[in-house]
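Report on the structure given below.
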Amino acid sequence: FPDYQTPLGKEITAFLTGQRIYPAEARQLLYAANRWERAAELRSWLTTGTAIVVDRYSASGIAYGAAQG
């Protein structure tokens with residue numbers, strides 16, 4: 001994550017490239033919502049026994065959020 005191909009991922013790309021301006025709180029919400037966009041797919045993988053690794057998003061979200069105020 002982020003998944004830049006989803007609708008919210010494209011918004012993340014827009015603010016990362018300076019096309020949009022969002023306050024820090026909105027940016028954090030966009031990142032969280034971007035993970036939510038993929039939640040159903042991740043759950044379906046788990047129900048079929050597929051192993052997935054999502055080990056960075058909590059720590060990196062805290063680090064980036066703190067760095068951005």
**Prompt:** How many percent of the accessible area of the chain is carbon or sulfur, using a 1.4 Å probe?
**Reply:** 60
**Accessible area (Å², per residue) of the chain, counting only protein heavy atoms and a probe of 1.4 Å** = 72
**Potential extension, TYR22-THR47 segment - 0.36 nm per residue separation minus Cα distance** = 5.4 nm
**Message:** Sequence gap at least 6, Cα distance under 8 Å: using those rules, report the relative contact order of the chain to the nearest whole percent.
**Reply:** 32
**Item:** Among (i) 42; (ii) 52; (iii) 60, the entry that matches percent of Cα pairs over 16 Å apart as calculated here
**Value:** (ii)
**Item:** Under Karplus coefficients 6.51, -1.76 and 1.60, residue-wise ³J(HN,Hα) of region 49-54 in Hz, glycine/proline x
**Value:** x, 6, 7, 10, 10, 10
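The values are calculated or read from the model by the stated rules, or taken from the named source; none is laboratory data. None of the values given here were measured: they were computed from a predicted structure. Heavy atoms of the whole protein, side chains included, go into the accessibility calculation; ligands, DNA and RNA do not. Shrake-Rupley method; radii C 1.70, N 1.55, O 1.52, S 1.80 Å.
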